[in-house]
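S.K.: This is the structure, below, for whatever I ask next.
Just so it is clear, none of the values below were taken in a lab; they were calculated from the coordinates. The shown structure was predicted, so the numbers you read here are calculated from the model rather than taken from an experiment. We place every Cβ from the backbone using ideal geometry, glycine too, and count neighbours over all the protein chains shown.
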Amino acid sequence: MTRTATGAQRAAPVPTQHLAELAWKVHEAAGEDVLLPREQLAGRIHATDGQFERAKGYIRDHITMEKGKAFLSYRSGYMITTDPAKISEYAALRMRRINTELRRLLSGAINPLGEQVAEYEVLAMFQDEIAHMTRTYDRMQKATLTMPTPVRAAKPKRRRRTPSGA
C-alpha cells in the first residue's frame, strides 16, 4: 500500500506488462477460441477497469505478435484465436465503427464549412483522405462477404412437456 498526498491509502501500481502477461496466461489456460467474460478476466488478474484497458492495449501491441495469435473482443467477452473467420468478423466490426467515425468527422466537422474547406490546406487534405478511406472501406466490406461465417453453437431445441399420463 502507498499513501497519496491526502494521506489515503491505495494499492501499489502494477506494471501493465505484468497484467497483460497474466491475462494472456489465463487465456492460454482456458484454451484457444474460449470466450472469457470481461469481469471474469479482469477479476482473475486483479485489475481495475483502467488497468484492464491498458493491459488489452499491451496485449494487442506486443503479445499477439510474439505468440502469433489474435486477441479479440468477441461478442460478449475476449478470446485468443487463429480462426480466420472470427478474426474477419472482428475486423469487419471494428472497421465499420471506424468508418462511421470517419463519416461523422466529415459530416459534423469538415463538410459544414462547404466551399471554405478549400481555403484550408489541412482540412482539404483531411476531406480528400477521409473520402478515400471510406471508399476503401466499401471495397473491404464487399470482400468480407466472401469470408466464411464462424460456426455458432447450436441452441438446444426446446422440448414440449407432455402431461405425465399421456
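S.K.: Can you give the FRET efficiency for Ile98 and Thr6, using 1/(1 + (r/R0)^6), R0 = 45 Å, r = Cβ-Cβ distance, to the nearest 0.05?
M.R.: 0.65
S.K.: Express in nm, to one decimal, how much length is gained between His62 and Thr134 on full extension, taking 0.36 nm for each residue of separation and deducting their alpha carbon distance.
M.R.: 23.1 nm
S.K.: Sticking with this structure for a sec: Taking the simple approach of a point 7 Å from Cα along Cα-to-Cβ for both Glu121 and Thr82, what is their distance in nm?
M.R.: 4.9 nm
S.K.: If you don't mind, another one. In whole Hz and in residue order, list the ³J(HN,Hα) couplings for segment 27-36 that follow from phi through the Karplus curve 6.51 cos²θ - 1.76 cosθ + 1.60, θ = phi - 60°; x for Gly and Pro.
M.R.: 5, 4, 5, 6, x, 5, 6, 9, 7, 10
S.K.: Pairs Lys86/Lys142; Lys56/Lys86; Lys67/Lys142: which exceed 26 Å Cα-Cα?
M.R.: Pairs exceeding 26 Å: Lys67/Lys142.
S.K.: Between Ala109 and Thr144, what is the spin-label point distance in nm, taking each point 7 Å from the Cα along the Cα→C-beta axis?
M.R.: 2.3 nm
S.K.: Over every pair of different alpha-carbon atoms in segment 1-115, take the mean of 1/r and invert it; report that Kirkwood radius in Å.
M.R.: By the Kirkwood definition, the hydrodynamic radius is 16.4 Å.
S.K.: How large is the direction-averaged shadow of the alpha-carbon convex hull of segment 74-146, in nm²?
M.R.: Hull-based average projected area comes out at 6.2 nm².
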